[in-house]
Amino acid sequence: MIELFSPSARKRYNWELSEGRYILGRSPQSDLVIDDSTVSRRHAQIDIVDPQGIILTDLGSHNGTTVNGHRVTAPAEVRLGDILTFGRVDLKIASTEPTSVPAGSVEVADFGEDLRNARILPIEEALQPLPAEITRDPRVFKAFSEMGRMLILPGPEEEMLGKGLKLLQGIIPVERAAIFLTRDLEDDVSLSACCVAGEASSDSFTISRTILDELLGQQNAILIADTQTDTKFAEQKSIVESRIRSAMAVPLYDEGKVFGVLYADTTNPLHHFTEDYLRITAAFGNILAAKMVNCNLLKERQAKEVLESELAAASQIQERLLPKELPHLERYSLSAFQIQSKQVGGDLYDVVRLKDGRIVFLLADVSGKGMGAALLASNILASFRVLYGAEDFSLLEATDRVSSQLLRSTRPEDFATLFLGVLCPQTNTLRYLNAGHNPPLLVRKDGRVEHLEASGIPVGAFDLAEWREETLELGVGDFLFAFTDGIPEAMNAREEEFGDESLERVVLTCRDQSPEELTESVMQEVKRFIGEVSPSDDTTLLVLRREQ
């Protein structure tokens, strides 16, 4: 019998196939049905003569068939252990009988051994210093020196693991050694490296699931010294079928979590493993584990560097999207300020002079943070800028079109609050709408404060949303202070928020300052409040004052 299964998710596809011909495809009429859009209806044909005679033929599939990454263009012979890929679906071919494993391959089998007769050591005990007579052995010293060099020298992980196993074979009579790493499923493992020495290459290599479970679950090292001198071991199926005389295994772990197993055995009746051999193996495993952790950390660092480079580029792009210069307004003064809590953020602002001389003010805060929020903010800014060119720019029409566009092209949780206004300098009137945004402060010359409350919900939140346009007149000395929630929600070490009342108090205290000075005063007060705590959100300010 042949087994065809998903190597990364065994329960998804798992067929036991006898001799015969099988059609594999997406069609319900196929012998082996794979429900995946990348698999053709009649994708491939598998002919099984016997476990050593398996022929794979692609049936003109759209996305192709590969064996171990190589495209199949004609009938091809496949072997047990090969990975067959149909479209984007990987399947592994194996034998259902452990004794049928071909030469040089490794399988994990369930035999249910009783390990009470094995020598089991906690890994901490197995890693105790080696006796002096062992460390003085030139072969052992050289092997450990080579292992030490691998810790600091660069190189592919696969090459390093294979070299480590060969070095172990050079100082211990190990015929077969392998490294298994845990998969996404914590109770499953995959072969990462294997090294078979001498004439043992003609033998099958079957490792016990019971041994693996002991290492993965208990973090113990296991030693089976001599199976032939212990009748209980000699009666166990896995020992009899694999002809193992001696075996040992140690866990590979990092920060208390096992992520792999180093296994070794021999079928030579003249050899049996000792506790000293187990300690050497544990030391090798510890070095290999450290190297693998270092390799993973290096990969993470390289990925982080790439991400940081991309974020830096994105930050520059986002910064350049903001207005480089604010329009000059006679009888008015204007200031805009933004600081992001991360390299990229979800706050945006815009100030543009329309064709008819009116001035558009936009201040928005996108849901979320980081790259996703930055992309959405850029999308909103670009959408509004396209609409600025209309002959008669309308607040309500522009907001509705941008909101509809967001609903069509983003996730349900993606939305933005915004304050959008149009100033007519000739009449000193400001028409505006507030789409769920923090109410801007309208501070009159005499110190009265008006809050420009929301006149609708955030854009992109719901279909059929409506907004209400409001109108106000700016008198001499009046100013508008618009902001995002990075100011009132700024938090100190005691997890206290700066708050709307504190913001209003600072604005009133400094209301006679210029827009630039007022912005600086507010930010200094927020910084004093949060102390050494890093800002948790983006901050954007827009201040407009009528001077004459």
Original post:
How many residues, within the range 310-350, are part of a loop (DSSP other than H, G, I, E, B) and within 21 Å of the chain's Cα centre (by Cα)?
Top reply: 4
**OP:** Can you confirm whether the range 138-153 contains a residue that is at pLDDT 80 or above, open to solvent by less than 30 Å² (accessible area, probe 1.4 Å), over 24 Å from Asn296 (Cα atoms) and over 32 Å from the mean Cα position of the chain (by Cα)?
**Re:** yes
Subject >> Selected residue (criterion: nearest to Arg448 (Cα to Cα)) from residues of the range 490-527 that are in contact with a Ser or Thr (Cβ under 7 Å, 6 or more places away or on another chain) and in a helix (DSSP H, G or I) >> reply: Val506
Subject >> Matching residues in the range 384-407 - criterion: being open to solvent by 30 Å² or more (accessible area, probe 1.4 Å) and either hydroxyl-bearing (Ser, Thr, Tyr) or out of contact with any helix residue (DSSP H, G or I) (no Cβ under 7 Å at 6 or more places or on another chain) (or both) >> reply: Arg385, Val386, Gly389, Ala390, Glu391, Asp392, Ser394, Leu396, Glu397, Asp400, Ser404, Leu407
Original post:
Residues in the range 256-293 that are crowded, with 16+ Cβ neighbours inside 10 Å and either within 25 Å of Leu153 (Cα to Cα) or of a type in the set (Phe, Trp, Tyr) (or both): how many?
Top reply: 21
Original post:
Given Val67, Val89, which one is open to solvent by less than 90 Å² (accessible area, probe 1.4 Å), modelled with pLDDT of 90 or more and either at positive phi or touching a Phe, Trp or Tyr at 6+ places or on another chain (Cβ under 9 Å) (or both)?
Top reply: Val89
**OP:** Could you run through the range 517-548 and say how many residues are among the charged types (D, E, K, R), within 24 Å of Ile359 (Cβ to Cβ) and open to solvent by 10 Å² or more (accessible area, probe 1.4 Å)?
**Re:** 5
**OP:** Can you work out which of the residues in the range 355-369 that are open to solvent by 10 Å² or more (accessible area, probe 1.4 Å) and not charged (D, E, K, R) is nearest to Trp467 (Cα to Cα)?
**Re:** Ser367
Original post:
Take the residues of the range 35-67 that are assigned to a loop (DSSP other than H, G, I, E, B) and hydroxyl-bearing (Ser, Thr, Tyr): which is farthest from Ile93 (Cα to Cα)?
Top reply: Ser37
Subject >> Count of residues meeting criterion [of a type in the set (D, E, K, R) and not in a loop (DSSP other than H, G, I, E, B)] in the range 351-377 >> reply: 2
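The values are calculated or read from the model by the stated rules, or taken from the named source; none is laboratory data. What you see is a predicted model; the values in this text were computed from it and never measured. For neighbour counting, all protein chains shown are included, and Cβ atoms are generated from backbone atoms with ideal geometry for every residue, glycine included. The protein model used for the area step is the full one, side chains on, heavy atoms only, and it has no ligands, DNA or RNA in it. Shrake-Rupley method; radii C 1.70, N 1.55, O 1.52, S 1.80 Å.
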